[in-house]
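Here is the structure we will look at, set down as structure tokens.
The values are calculated or read from the model by the stated rules, or taken from the named source; none is laboratory data. Fair warning: this is a prediction, and the values are worked out from it, not measured in the lab. Every residue, glycine as well, gets a Cβ built from its backbone with ideal geometry; the counts of neighbours run over all protein chains shown.
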């Protein structure tokens, strides 16, 4: 069964409150809490993340307007539906300007209430998707397709699918570039949480000072430049899956807080005193041997045991060489700049299968993309590949005195340097258009420009 949406009904009229609670609780998709006044509602909102709040305007002591303002400040992704009567329609319209999603006038039509709640949930999901697209933490995912027919790969997919049926935490181990995030995404899509967010966090790319705030959020004024309250990614992932990529790089200072969250589902935003709780499944991945990290004191043993309820190992590409033809065909089609998909000359596929691929699938993808750009015709020749790696499995031919010395092979870093510089010049160093052409974020492009020392000619 898909994970339920959390609703809060706030109304000081007991019969109406109980009527709504009963009708909504009968629907399997909702988990319903109730509050008899605004003060009780605020206490509940500080302890739990709600998808939708049905909120009466007129209540003693703490009004619905005050609760709405609190929600907008404290939990802005939560959608608020105002409950009102015809005499307060003008006030209800004003609440829309304050951030309420919609309003419903008494007497309520149950079908209309359900329809409005569903639309509010869709709006919340769009808001979450927008946050993830804007966030550098939500890396360009590309495709969710899993390509491979080898026995090792099929066994991995079978195990991942079986683990998806439970709610246990999963640790995915494998070298960089093997596709660990695709396996994490598969687990999410095959799980009961597939109707809720999948939120990916690259723990290695975020400084320690920011990681806690990104994961758990912060309160307004918690630190310099914290001008407003920010929801953490654990809240964004509520009901869904939180993917902690490169979890082995989390610093010892953050590890105890992560462990507490994993054990209880509870956390505090930076600068807050109250405790919030969410319901997320955590899937983590690492290219490190965490037992070695534990032995050296860089990783907590109890955190390893908590993350590693069940584990998967993603094989290196050279362990599934039978999948290379399928992957090459996929990348040739996906990276094609026109409807005409390039093909490989005889011998090129054998050349690719003979390579050791230290960078795994990511390296293969980049090699195919570069070969498409460098090849002059519709067929990729062996010479288009020789720029990327030496044919290590064959002895080098004896040099001939009359022969022209062969050009030395370029490393992947050197090739990437040249490729990015060429695209930058094509777009006259316009970073937005260059990033779009390369299929990377502007921040990633900026970091690569700094790394390679690329600058526009004076």
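Points worth noting:
- Matching residues in the stretch 245-292 - criterion: being within 22 Å of the chain's Cα centre (by Cα) and part of a loop (DSSP other than H, G, I, E, B): 246, 250, 251, 254, 265, 268, 269, 278, 279, 280, 287, 288
- On inspection, residue 284 qualifies as at pLDDT 95 or above and in contact with a helix residue (DSSP H, G or I) (Cβ under 9 Å, 6 or more places away or on another chain).
- Count - residues of the stretch 1-21 that are assigned to a helix (DSSP H, G or I) and in contact with a strand residue (DSSP E or B) (Cβ under 6 Å, 6 or more places away or on another chain): 3
- Test: residue 240 is more than 14 Å from residue 270 (Cβ to Cβ), touching a residue at least 60 places away in the same chain (Cβ under 8 Å) and within 18 Å of the chain's Cα centre (by Cα): yes
- The condition of being in contact with a helix residue (DSSP H, G or I) (Cβ under 7 Å, 6 or more places away or on another chain) and crowded, with 17+ Cβ neighbours inside 10 Å holds for only one of 315, 325, that being 315.
- Candidate set from the stretch 354-373 (those that are part of a helix (DSSP H, G or I) and surrounded by fewer than 17 Cβ atoms within 10 Å (Cβ to Cβ)); member that is modelled with the highest pLDDT: 362
- Residue 384 being assigned to a loop (DSSP other than H, G, I, E, B), touching a helix residue (DSSP H, G or I) at 6+ places or on another chain (Cβ under 9 Å) and modelled with pLDDT under 85: no
- Across the stretch 428-458, the number of residues qualifying as modelled with pLDDT of 75 or more, over 18 Å from residue 370 (Cα atoms) and outside any helix (DSSP H, G or I) comes to 7.
- Top-ranked residue of the stretch 246-277 - restricted to ones that are buried (at least 21 other Cβ atoms within 10 Å of the Cβ) and touching a helix residue (DSSP H, G or I) at 6+ places or on another chain (Cβ under 6 Å), ranked as nearest to residue 164 (Cα to Cα): 248
- Consider the stretch 128-149 and keep the residues that are loosely packed, with under 15 Cβ neighbours inside 10 Å and in a helix (DSSP H, G or I). The one that is modelled with the lowest pLDDT is 134.
- Selection from the stretch 391-427 of residues that are under 32 Å from the mean Cα position of the chain (by Cα) and either in a loop (DSSP other than H, G, I, E, B) or modelled with pLDDT of 80 or more (or both): 411, 417, 418, 419, 420, 421, 422, 423, 424, 425, 426, 427
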